[in-house]
Amino acid sequence: MEWFCLGTVFLLFVFILKYCIYRRQIHEICRQLDFMQKETTNKRIQTDLSRKEIINLAEQINYMADRKEEESLSIKSKEQQLKETLANISHDIRTPLTSMKGFFELYTQEGEPEKKEYFEQVIREKMDDLTVLLEELFTYTKLQNETYELQLEQQDFTKLVLDSLFSFYGQWKEKGISPVLSVDEDTVMVLCNDTAVRRILTNVLRNAMLHGDGEIEIRYQVKKDGVLFRCCNGFQSAGEPDMERVFERFYKGDSARRESSSGLGLSIAKELALRMDGNMEARAEDGRFLVELVFPRAGAGLFFMG
């Protein structure tokens with residue numbers, strides 16, 4: 001009986017000791033948590049006990065702390081991007097609006113029919129430029145939403161290309177541009193969104209027209225595994241753009257900001273292409289600016305550009 005009592009006392013002593021150690025460790029974890037909440041720190045929970053449950057608790061808390069820090073950095077980054085976006089949007093919209101206001105005042109004060117007609121034409125062009133800007137900004141905003149999805153259907157990609165090229169005929173003629181065309185006319189089905197593809201092609205062609213030197217070469221090929229669209233134009237006097245930044249939002253290769261360009265065209269085009277399992281690349285080749293767009297045939301994997 002005496003040995004039983006001594007054994008019971010010993011076990012009780014061990015239990016109380018472990019209880020005190022666990023309580024002390026929990027208290028220490030709470031102290032560290034309180035410090036992490038009140039201070040900006042990279043400190044993480046540390047434990048003195050090697051017990052599995054205590055270590056697991058510390059790891060879970062540290063994981064949550066890491067996630068919170070990542071989310072905080074992401075929020076700060078998005079806030080900075082939003083500020084930059086608003087600044088660029090304000091500039092890009094204000095410029096054509098200011099220009100339209102000036103020409104409208106000239107229009108109302110002008111008495112000669114020919115000059116009034118000229119001012120009216122300029123105002124219409126500025127309104128068209130502003131419409132393009134707003135459409136690009138609207139599309140860019142939608143693409144920032146991670147839940148935004150394009151509705152994909154099998155489309156005749158060749159028809160989309162031909163329609164897009166034809167839509168630029170009037171603009172090319174007005175500006176005296178005679179693009180060199182090499183276009184396959186074979187039907188090829190691609191899983192895509194027709195509106196998004198038209199936007200991509202429009203942005204690429206418009207970029208070549210606005211920022212090129214007037215010489216445009218376009219090649220469209222129907223290949224075994226998909227399609228390849230290439231648009232090549234010369235550099236303007238401003239020189240070669242930074243090829244690593246051509247797909248950045250609001251990037252403009254020329255130093256003088258164009259009121260008719262938001263700097264979003266190629267950024268939007270590439271993002272749309274990627275969301276439809278396509279791809280877009282840009283590079284300088286023989287002193288010219290080259291954009292290549294590829295899409296796989298419906299049911300085929302993406303092939304590499306060549």
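Things worth noting here:
- Checking each residue in the stretch 67-109 for being under 23 Å from the mean Cα position of the chain (by Cα) and at pLDDT 80 or above picks out Glu70, Glu71, Ser72, Leu73, Lys76.
- Screening the candidates Thr202, Thr187, Thr195 for the property of being in a loop (DSSP other than H, G, I, E, B) and among the β-branched types (Val, Ile, Thr) yields one hit, Thr187.
- Verdict on Lys142 being under 25 Å from Ala273 (Cβ atoms), under 25 Å from the mean Cα position of the chain (by Cα) and assigned to a helix (DSSP H, G or I): yes
- Just one of (1) of a type outside the set (Lys, Arg); (2) within 19 Å of Asp277 (Cα to Cα); (3) part of a loop (DSSP other than H, G, I, E, B) fails for Ile177. It is (2).
- Some residue of the stretch 51-66 being more than 24 Å from the chain's Cα centre (by Cα), under 13 Å from Ile26 (Cα atoms), assigned by TED's automatic domain parsing to the domain that holds Tyr22 and outside any helix (DSSP H, G or I): yes
- Residue selection: Val183 fails the criterion of being assigned by TED's automatic domain parsing to the domain that holds Leu290 and surrounded by 21 or more Cβ atoms within 10 Å (Cβ to Cβ).
- Residue match in the stretch 29-43 (condition: charged (D, E, K, R), surrounded by 13 or more Cβ atoms within 10 Å (Cβ to Cβ) and not assigned by TED's automatic domain parsing to the domain that holds Glu136): no
The values are calculated or read from the model by the stated rules, or taken from the named source; none is laboratory data. Keep in mind that what you see is a predicted model, and the values were worked out from it rather than measured. Methodologically, a virtual Cβ is constructed for each residue, glycine included, from the backbone with ideal geometry; neighbour enumeration extends over all protein chains shown.
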